[in-house]
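> This is the structure, below, for whatever I ask next.
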Amino acid sequence: MKAILLLVALLSPILGGIVYGIERKLKARMQNRMGPPLLQPFYDFFKLADKRALQIHSFHSLMGIAFFVAAWFAVFALLVGPNILVAVFLHVLALLFFTAGGFSVKSPYSVMGALRELAHILAAEPILVFAVIALYLTTGSWDIEGILSSGKVPLFEMPLLFAALVLTIPIVLKRSPFDISEAHQEIIGGAEIEYSGIFYEAVYTAKWLEYIFIGTLIFLFGGSNYLIGFLLVALTFLLVWLIDNSTTRLTVHHMMKFAWGVLLPLAAFNVFWIAIWR
Amino acid sequence: MFGFLKRFRKKSPWILHYNTGSCNGCDIEILACLGPKYDLERFGIVNKGNPKQADILLVTGPVTKRARARLLRLYMQMPEPKVVVAVGACACTGGVFRYMYNVENGVDRYIPVDVYVPGCAARPENIIEGVKKAIEIWERKKKERIELPKLVEGVEGEPLDRRTLIRQLEEKFCKRLPGEEEE
């Protein structure tokens, strides 16, 4: 099992790219279009490698690369490394690098995107922390191998928290209705706007890693029953893409109200309930 | 190595679409190309809206005097290799607006154009064919060769220095305060 997890962690950019390819294809089919080929993200990747990179300044470019590296570290911490709580904190760190890069340039769209990215962190990360705490409370383990071999299915003990986590995914992956920080028709990608060439490639690839990160968190809710885990991942992503295709963008205030007013109480109630009931 | 990477260019051209005062006829047709009926995304073509990440510049409209500084700026912000497609009669020659007091009679007075797509408005089939031709030209271009707009009167300086050129062009075209006389 350890070998498989290490392999997934090492290949996570490639796996994430395939998931992104599936997403683009499926979303196009939902809109009655043919859609790009499955390997389109990799074609984009190779093309971007052959473009001239216009740097704003070196710190900005460094933050783009640091975003990718930290995101990969987060996936490693989740799948191989110390424990899943560290993975969530590394995920926050990766997003903070990205925001630092966004704040470091003069472009108003970049600064606006970085500000909104901070709102995304505030909205989504507490729920991820609650999810990790609840996984510990039900399975008694902080690391992925312990959870996968605990003999329990965490989904059955925390349905409310799982529902909250599923509705958090659009916030983490920046999908509609919460694609606020990279609103493409409005602020043209937000904090990623000033990256070009090989530095944009790093930011582009770091986003593929988030699929693996969030997909693994969802998979852990299947516990030691892997079939339930895979079903959960597939159905959750399908639901997220359906919601993405059928809703319009909300504002930051809507997102914060929804996350802190609905999702967080749901998650907290479930966690306290489990803690008292045990 | 770079021969290997060049093979992927035709599979993922990203478009930047800029309207320099067109009547929106050609813009609607460009959007129709990207919509479900013609679906250019099946070839990996997406409308990026961001010059720093775009490869093909689709320009519509006869360049109005207000739009030219932005056009030049967008062209300079695009990283090489890049191609320009002038879509519609206005972008090619000025169209019905030719020799009017407020237009510049087409895009190629300011930036080098690779493909001209005629028509008023240009048909989606024509636009797709033009983009295809543009990709063929784009595949032959090298990223080492810096491409800058045609220098206009009153703007001098190092032709290779992007930032100085942008500043000079903005000084020439953008600083027009209320009460200042028009050219």
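Condition check ((1) hydrophobic (A, V, I, L, M, F, W, C); (2) out of contact with any helix residue (DSSP H, G or I) (no Cβ under 6 Å at 6 or more places or on another chain); (3) touching a residue at least 60 places away in the same chain (Cβ under 8 Å)) across all residues:
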residue: A:Val233; (1), (2), (3): yes, no, no
residue: A:Asp244; (1), (2), (3): no, yes, yes
residue: A:Thr248; (1), (2), (3): no, yes, yes
residue: A:Ala268; (1), (2), (3): yes, yes, yes
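> Follow-up. In segment A:226-250, what count of residues is obtained for those that are surrounded by fewer than 13 Cβ atoms within 10 Å (Cβ to Cβ) and more than 24 Å from A:Leu155 (Cα to Cα)?
Looking only at that region, the number is 2.
> Please find, among A:Tyr195, A:Tyr204, A:Tyr200, the residue that is within 10 Å of chain B (Cβ to nearest Cβ), assigned to a loop (DSSP other than H, G, I, E, B) and of a type in the set (Ser, Thr, Tyr).
Sole residue among the options that is within 10 Å of chain B (Cβ to nearest Cβ), assigned to a loop (DSSP other than H, G, I, E, B) and of a type in the set (Ser, Thr, Tyr): A:Tyr195.
> Taking B:Val59 and the conditions (1) closer than 16 Å to B:Ala134 by Cβ; (2) more than 11 Å from the chain's Cα centre (by Cα), which numbered condition does it fall short on, given that it satisfies the others?
Among (1) closer than 16 Å to B:Ala134 by Cβ; (2) more than 11 Å from the chain's Cα centre (by Cα), the lone unmet condition for B:Val59 is (2).
> Return a yes/no flag: does segment B:18-35 have any residue that is within 23 Å of A:Gly21 (Cβ to Cβ) and either surrounded by 18 or more Cβ atoms within 10 Å (Cβ to Cβ) or within 14 Å of the chain's Cα centre (by Cα) (or both). So that I can check it myself, show each step before the final result.
Step one: filter segment B:18-35 for residues within 23 Å of A:Gly21 (Cβ to Cβ), giving B:33-35.
Next, from what is left, pick out any that are either surrounded by 18 or more Cβ atoms within 10 Å (Cβ to Cβ) or within 14 Å of the chain's Cα centre (by Cα) (or both): B:33-34.
Yes, some residue in segment B:18-35 is within 23 Å of A:Gly21 (Cβ to Cβ) and either surrounded by 18 or more Cβ atoms within 10 Å (Cβ to Cβ) or within 14 Å of the chain's Cα centre (by Cα) (or both).
> Restricting attention to segment A:243-278, which residues are in contact with a Lys or Arg (Cβ under 8 Å, 6 or more places away or on another chain) and of a type in the set (S, T, N, Q)? Even if it seems obvious, please write down each step before you answer.
In the first step, residues of segment A:243-278 are kept if they are in contact with a Lys or Arg (Cβ under 8 Å, 6 or more places away or on another chain); the result is A:243-245, A:252.
The answer is A:Asn245, and nothing else.
> Of everything in segment B:1-12, what is more than 8 Å from chain A (Cβ to nearest Cβ) and buried (at least 16 other Cβ atoms within 10 Å of the Cβ)? Give them in sequence order.
B:Lys10
> Taking segment B:72-89 on its own, how many of its residues are within 20 Å of B:Ile28 (Cβ to Cβ) and within 13 Å of the chain's Cα centre (by Cα)?
Of the residues in segment B:72-89, 4 are within 20 Å of B:Ile28 (Cβ to Cβ) and within 13 Å of the chain's Cα centre (by Cα).
> For A:Pro82, work out the one condition from (1) closer than 30 Å to A:Met1 by Cβ; (2) within 20 Å of the chain's Cα centre (by Cα); (3) within 14 Å of another protein chain (Cβ to nearest Cβ) it doesn't fulfil.
Result: A:Pro82 fails condition (3) only.
> Please indicate, with yes or no, whether at least one residue in segment A:2-23 is under 26 Å from B:Phe8 (Cα atoms), within 13 Å of another protein chain (Cβ to nearest Cβ) and free of Cβ contacts under 8 Å to residues at least 12 places away in the same chain.
No.
> OK, next. Return yes or no: is A:Leu217 crowded, with 17+ Cβ neighbours inside 10 Å, under 20 Å from A:Pro13 (Cα atoms), touching a residue at least 40 places away in the same chain (Cβ under 8 Å) and hydrophobic (A, V, I, L, M, F, W, C)?
Here the answer is yes, as A:Leu217 does meet what is asked.
> Among the candidates A:Ser224, A:Ser176, A:Ser141, A:Ser150, which residue alone is closer than 21 Å to A:Gly17 by Cα, more than 14 Å from chain B (Cβ to nearest Cβ) and part of a loop (DSSP other than H, G, I, E, B)?
Among A:Ser224, A:Ser176, A:Ser141, A:Ser150, only A:Ser176 is closer than 21 Å to A:Gly17 by Cα, more than 14 Å from chain B (Cβ to nearest Cβ) and part of a loop (DSSP other than H, G, I, E, B).
> Can you work out which of the residues in segment B:115-134 that are more than 14 Å from the chain's Cα centre (by Cα) and among the hydrophobic types (A, V, I, L, M, F, W, C) is nearest to B:Arg9 (Cα to Cα)?
Narrowing segment B:115-134 to residues more than 14 Å from the chain's Cα centre (by Cα): B:118-126, B:128-129, B:132-133.
Okay, now just the ones that are also among the hydrophobic types (A, V, I, L, M, F, W, C), so B:120-122, B:128.
Details: B:Cys120: 30, B:Ala121: 28, B:Ala122: 25, B:Ile128: 16 Å.
Step by step, filter segment B:115-134, then rank; the result is B:Ile128.
> Can you tell me how many residues in segment B:126-135 are out of contact with any strand residue (DSSP E or B) (no Cβ under 8 Å at 6 or more places or on another chain) and without any contact (Cβ under 8 Å) to a residue 12 or more places away in the chain? Don't jump to the end; show me each part of the working.
Just the residues of segment B:126-135 that are out of contact with any strand residue (DSSP E or B) (no Cβ under 8 Å at 6 or more places or on another chain), to begin with: B:128, B:132.
Within this subset, residues satisfying the condition of being without any contact (Cβ under 8 Å) to a residue 12 or more places away in the chain are B:132.
So the count comes out to 1.
> In segment B:13-39, which residues are aliphatic (A, V, I, L, M) and more than 10 Å from every other protein chain (Cβ to nearest Cβ)?
First, pick out the residues of segment B:13-39 that are aliphatic (A, V, I, L, M): B:15-16, B:28, B:30-32, B:34.
Listed by number, the residues that qualify are B:Ile15, B:Leu16, B:Ile28, B:Ile30, B:Leu31, B:Ala32.
Every number here is computed from the coordinates shown, using simple stated rules; none is lab data. On a predicted model such as this, the values are computed, not experimentally measured, just so you know. Neighbour counts are summed over all protein chains in view; Cβ atoms, including those assigned to glycine, are modelled from backbone coordinates with ideal geometry.
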